[in-house]
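The structure appears below as structure tokens.
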Amino acid sequence: MAKVRKAPDIWMIAATLGILAVGIVMVYSASAVAAFHDYGDKFYYVKRQLLFAALGIFMMFVTMNVDYSRLRRWALPGLLLCFGLLLLVLVPGVGVVRGGARSWLGIGSFGIQPSEFMKLAMILFLARFLAERQQKLVSFTKGLLPPLGILLGAFGLIMMQPDLGTGAVMIGAALLVIYAAGARIGHLGGGSR
């Protein structure tokens with residue numbers, strides 16, 4: 001029997017598109033003068049942002065139609081791939097330095113930032129890992145220490161670039177996932193009972 005797909009949450013989509021629109025306005029506000037000075041086009045950065053916004057909206061609608069349980073099988077391979085990319089970024093001559101951080105892989109003006117993919121991979125991995133081991137989560141050493149070790153390993157690689165902003169967002173999102181899975185608040189606060 002096929003699953004019946006529910007209608008999407010219109011308010012959630014509207015809020016997402018609203019935040020995206022505000023972000024595009026902010027990009028224009030913050031970059032119009034510099035873009036005109038550097039490129040002779042005050043919409044230079046806005047056009048680039050609109051391109052990525054359109055790609056993001058397309059991917060949002062694609063992922064809305066994917067059964068999230070299918071992502072379980074890709075959680076570990078995705079995490080391992082992201083760890084490999086984070087290591088590759090640190091290799092001189094391979095990782096591209098932008099803004100004082102060696103956090104990009106790319107050729108010419110096209111580049112990807114593996115730490116951004118690590119945020120998603122870490123959340124997917126932790127969701128699967130903790131769902132499969134939820135009974136052990138009440139124990140600090142058996143339940144909480146392994147995912148925290150993986151999380152801190154990824155954070156360490158991101159900080160070697162260095163990219164504190166991305167690392168902090170990943171830590172915050174991961175701690176929320178761990179807490180939602182049932183971890184004791186005392187364990188997350190540093191206690192080990």
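None of the figures in this text is laboratory data; all of them are computed from the coordinates on show. Since the structure is predicted, the reported quantities are computational estimates derived from the model, not experimental observations. Because the Cβ atoms are built from the backbone with ideal geometry, glycine has one as well, and the counts that use them run over all protein chains shown.
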Between M160 and N65, what is the label-point separation in nm under the 7 Å Cα-to-beta-carbon projection?
4.1 nm
Within the chain: Cβ-based charge dipole about Cα centre, in debye rounded to nearest 20 (Lys, Arg +1; Asp, Glu -1)
700 debye
Using the Cα gyration tensor of the range 8-65, with a ≥ b ≥ c the square roots of its eigenvalues, what is the shape: rounded (a/c below 1.5), prolate (a/b larger than b/c) or oblate (neither)?
oblate
L175 to E132: FRET efficiency via 1/(1 + (r/R0)^6), r the Cβ-Cβ distance, R0 22 Å, to the nearest 0.05?
0.70
Order these peptides, 168-181, 38-51, by their mean beta-carbon neighbour count within 10 angstrom, highest first.
168-181, 38-51
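Kindly rank 80-86, 6-12, 118-124 from highest to lowest mean number of other beta carbons found within 10 Å of each residue. Could you put the intermediate results ahead of the total?
Details: 80-86: 17.1, 6-12: 8.4, 118-124: 20.6.
Result, highest mean first: 118-124, 80-86, 6-12.
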Per the helix-only calculation at 222 nm, which mean residue ellipticity applies to the chain, given -39500 (n - 2.57) for every DSSP H run of n ≥ 4 and division by its residues, nearest 500 deg cm²/dmol?
-21000 deg cm²/dmol
Plugging the Cβ-Cβ distance of A34 and I57 into 1/(1 + (r/R0)^6) at R0 = 35 Å yields, to the nearest 0.05, a FRET efficiency of 0.85
Figure the gain on full extension for I123 and L81 (residue separation times 0.36 nm, minus the Cα-Cα span) and round it to one decimal in nm.
13.7 nm
Fraction of alpha-carbon pairs over 19 Å apart in the chain - percent
70 percent
